[in-house]
Amino acid sequence: MGAAVIEEYVTDLGSRLQGSRKQVRDLLTETRDSLTDATEAHVGSGLSEHEAQRRAVEEFGPVREIANEYQAELAVAYGTRTLVWLAIVLPLMHMAWEYGRMLLIGPWQDFGAMPPAWYLFVAKANDLTSGIASGVALVALILGRVLARRYDAKLLARIGAGVALAAVAAVLLGNVSIILATAHLDLARLVQSLPMTIASLITWIVIVRLGLLARRSLRCATIVA
């Protein structure tokens, strides 16, 4: 019966946490080890196993308070990972797309006539979106590091998640805009080649994945244990 005290505490704690599975597992392992060590110390001072575990749990702290502390740590870690992905993946994805377009489709003049100015404006805006979103994510990462000791961890995690969501939304809007503009200009340009069609599909998978990461990071930062 005594052995159940620590396990019940750890199970309750784990049910309140969301974030990286590995980090959650590591935090729970550290908690269990700390409680076990405290229990052994209390047993050595003369308490029974059951009472020693109860004392260890009481000294460790209410599960709600500990869960909120852990969740803040998890939220910051998840948000940081999301911003890192945005800062790295978005420019790489854009460079790969542009290289593929030039290699498989060619420059604009290869279409026989230069597209109208409005289309080039949309295309340029879409090109800039990935770079700007990546830069904003990088700035958010740096500011998060600088302000980490001054502000609440969950607040910074929520801000970081909001930045990530806004960045993904901007990239999504840019891609939708260029698709609609291309369809309006010449529907056939949307299916220039099988490789570019596959590249487009991969691009959308990456955008959706980044969006899910940003959404999860926001959820991690807004949980009240």
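The values are calculated or read from the model by the stated rules, or taken from the named source; none is laboratory data. For clarity, every value in this text was computed on a predicted model and none was experimentally measured. Because the Cβ atoms are built from the backbone with ideal geometry, glycine has one as well, and the counts that use them run over all protein chains shown.
For the list (1) over 19 Å from residue 208 (Cα atoms); (2) within 13 Å of the chain's Cα centre (by Cα), I need the number of the one condition that residue 154 fails. With respect to (1) over 19 Å from residue 208 (Cα atoms); (2) within 13 Å of the chain's Cα centre (by Cα), residue 154 is out only on (2). Here residue 50 clears all of (1) more than 19 Å from the chain's Cα centre (by Cα); (2) closer than 30 Å to residue 23 by Cβ; (3) not hydrophobic (A, V, I, L, M, F, W, C) except the condition numbered (2).
If you check 180, 210, 172 for being at pLDDT 80 or above, surrounded by fewer than 19 Cβ atoms within 10 Å (Cβ to Cβ), under 21 Å from the mean Cα position of the chain (by Cα) and in a helix (DSSP H, G or I), only one passes: 172. Of the set (1) surrounded by 14 or more Cβ atoms within 10 Å (Cβ to Cβ); (2) touching a residue at least 12 places away in the same chain (Cβ under 8 Å), all apply to residue 116 but (1).
Yes/no matrix, rows are residues, columns are (1) part of a helix (DSSP H, G or I); (2) closer than 30 Å to residue 173 by Cβ; (3) at pLDDT 90 or above:
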residue	(1), (2), (3)
9	yes, no, yes
52	yes, no, yes
82	yes, yes, yes
102	yes, yes, no
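In the range 54-73, is there at least one residue being over 30 Å from residue 160 (Cβ atoms), surrounded by fewer than 16 Cβ atoms within 10 Å (Cβ to Cβ) and not β-branched (Val, Ile, Thr)? Yes, because at least one residue in the range 54-73 is over 30 Å from residue 160 (Cβ atoms), surrounded by fewer than 16 Cβ atoms within 10 Å (Cβ to Cβ) and not β-branched (Val, Ile, Thr).
Within the range 1-32, the residues that satisfy the criterion of being free of Cβ contacts under 8 Å to residues at least 40 places away in the same chain and more than 19 Å from residue 74 (Cα to Cα) are 4, 7, 8.
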